[in-house]
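The values are calculated or read from the model by the stated rules, or taken from the named source; none is laboratory data. In this text the structure is predicted, and so the values were computed from the model without any measurement. Here the Cβ positions follow ideal geometry from the backbone for every residue, glycine too, while neighbour counts run over all protein chains shown. Accessible surface areas use protein heavy atoms only, side chains included; no ligands, DNA or RNA. Shrake-Rupley method; radii C 1.70, N 1.55, O 1.52, S 1.80 Å.
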Amino acid sequence: MAAELCRLGARVVVSGRTKDTLDATVEAVDAELGPGRAFAVTADVRDPASVEAMAGRATELLGAVDGLVNNASGLFPVKAEELTPNGFDAVVRIVLNGTWHCTSEVARRWLAAGRGGAVVNLLTPYAWTGAPGIVHNASAKGGVLAMTRTLGAEWSGHGVRVNAVAPGWMPVGGTDFLAGDPAVRQRLIDAIPAGRLLKPEETARAVAYLLSDDASYVVGEVLTIDGGHHLSKGLYEFTDELPGRS
Ligand SMILES: CCCCCCCCCCC/C=C/C(=O)SCCNC(=O)CCNC(=O)[C@H](O)C(C)(C)COP(=O)(O)OP(=O)(O)OC[C@H]1O[C@@H](n2cnc3c(N)ncnc32)[C@H](O)[C@@H]1OP(=O)(O)O
Ligand SMILES: NC(=O)C1=CN([C@@H]2O[C@H](COP(=O)(O)OP(=O)(O)OC[C@H]3O[C@@H](n4cnc5c(N)ncnc54)[C@H](OP(=O)(O)O)[C@@H]3O)[C@@H](O)[C@H]2O)C=CC1
């Protein structure tokens, strides 16, 4: 995500809890594009004080912050009846609370300065379809969907745009548990009308569009990029076999 945004011309502060991961991203961008495009700042999105410090440091490093991408997430597959209260909280605190802490911190700075900015939240189509097996993450993403629409409307008159992208399955990061098993992977691909997985840089380009002035009249919207996965293939594959076809 960060590397593709830099390739498209952005200067980016990457943030998360693990310094080594952030440094590796910055080193990769430096090696490809030269220094001064990407910077690392550690933060924990569950902690408002940590987020405040991150926003301050990002402003120092970039001069001004024009956009925020809420990408942090947590997920583990679990049957709902086996999920503990702490397990539910662990995911909701990252996804829903973390998105709020980052969005409110950055937007308050923009509003106080009398300037606009763009927020893009990472959703998934199951924010509105639901997703058996990951009730914690689906519930949190559903909350972020409502937050996107609410703040999109509430702040648009101030020039602060809040939108979201809803990617389908990318074989990266937290979805290793799906990608690792070739049989599971193929079953998932078979259910996607486009017949392939999503490339991370395709998600990054959708994020870049929503951050850009090209999307200046797009407010509280969700750009879904899942190859039609949530729409399903319906009966299309059976149309040659079904009785009554013309
Ligand atoms: C399945 C749908 C198929 C459709 C396919 C559609 C396309 C796929 C779309 C995929 C969308 C992806 C969305 C993502 O969000 S990907 C990003 C995921 N990234 C990560 O998960 C990385 C970060 N993850 C974590 O940090 C951890 O997993 C965690 C979220 C748990 C947070 O860690 P933390 O250190 O805060 O938590 P603890 O280890 O202290 O645990 C807290 C409680 O949670 C319980 N727990 C933890 N892991 C599990 C597990 N595997 N099973 C059950 N319970 C778990 C743990 O026991 C603690 O609870 P208790 O104190 O009660 O024991
Ligand atoms: N992968 C996929 O197929 C899909 C992903 N998405 C969404 O895209 C986004 C990125 O997904 P993906 O790249 O797979 O996820 P990853 O697990 O690779 O990345 C999640 C990031 O969140 C950071 N993070 C987790 N907890 C915290 C925290 N408390 N504070 C700060 N940062 C934190 C992690 O860094 P660290 O642990 O170092 O803090 C990590 O960099 C997520 O929002 C996800 O829901 C949506 C649809 C599909």
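Checking Pro243, Pro193, Pro182 one by one, the residue that is at pLDDT 95 or above, more than 21 Å from the chain's Cα centre (by Cα) and open to solvent by 50 Å² or more (accessible area, probe 1.4 Å) is Pro193 and no other.
Within the stretch 136-146, the set of residues being open to solvent by 20 Å² or more (accessible area, probe 1.4 Å) and either among the β-branched types (Val, Ile, Thr) or within 16 Å of ligand 1 (Cβ to nearest atom) (or both) comprises Ser139, Gly142, Gly143. Scanning the stretch 78-104 for residues that are under 24 Å from Val172 (Cα atoms) and not in a helix (DSSP H, G or I), we see that the one that is nearest to the chain's Cα centre (by Cα) is Val78.
Within the set Gly152, Gly174, Gly159, Gly133, the sole residue that is open to solvent by less than 50 Å² (accessible area, probe 1.4 Å) and within 15 Å of ligand 2 (Cβ to nearest atom) turns out to be Gly133.
So that you can scan it fast, the table gives a plain yes or no per residue for (1) within 9 Å of ligand 2 (Cβ to nearest atom); (2) of a type in the set (Asp, Glu); (3) in a loop (DSSP other than H, G, I, E, B):
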| site | (1), (2), (3) |
| --- | --- |
| Leu5 | no, no, no |
| Asp20 | yes, yes, no |
| Asp23 | no, yes, no |
| Gly36 | no, no, yes |
| Val41 | no, no, no |
| Ala58 | no, no, no |
| Phe76 | no, no, yes |
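Kindly evaluate Thr124 against the criterion of being assigned to a loop (DSSP other than H, G, I, E, B), β-branched (Val, Ile, Thr) and crowded, with 22+ Cβ neighbours inside 10 Å. First the steps, then the outcome.
On the way: assigned to a loop (DSSP other than H, G, I, E, B): yes; β-branched (Val, Ile, Thr): yes; crowded, with 22+ Cβ neighbours inside 10 Å: yes.
So Thr124 passes the test.
Taking residues in the stretch 120-134 that are on the phi > 0 side of the Ramachandran plot, and partners anywhere that are more than 12 Å from ligand 2 (Cβ to nearest atom) and open to solvent by 50 Å² or more (accessible area, probe 1.4 Å), the pairs with Cβ atoms closer than 7 Å and at least 6 places apart or on different chains are Gly133/Pro77.
Kindly provide the set of residues from the stretch 63-93 that are near ligand 1 (Cβ under 10 Å from one of its atoms), touching a Gly at 6+ places or on another chain (Cβ under 7 Å), open to solvent by 30 Å² or more (accessible area, probe 1.4 Å) and under 23 Å from Val222 (Cβ atoms), ordered by number. Across the stretch 63-93, the qualifying residues are Ala72, Ser73, Leu75. Pairs meeting the criteria (first residue in the stretch 182-197 and in a helix (DSSP H, G or I), second residue away from ligand 1 (no atom under 11 Å from the Cβ), beta carbons under 9 Å, at least 6 apart or on different chains) are Ile189/Gly195; Ile189/Arg196; Asp190/Lys233. For the stretch 201-210, filtered to residues that are touching a residue at least 40 places away in the same chain (Cβ under 8 Å) and open to solvent by 50 Å² or more (accessible area, probe 1.4 Å), the residue that is farthest from Gly67 (Cα to Cα) is Glu201.
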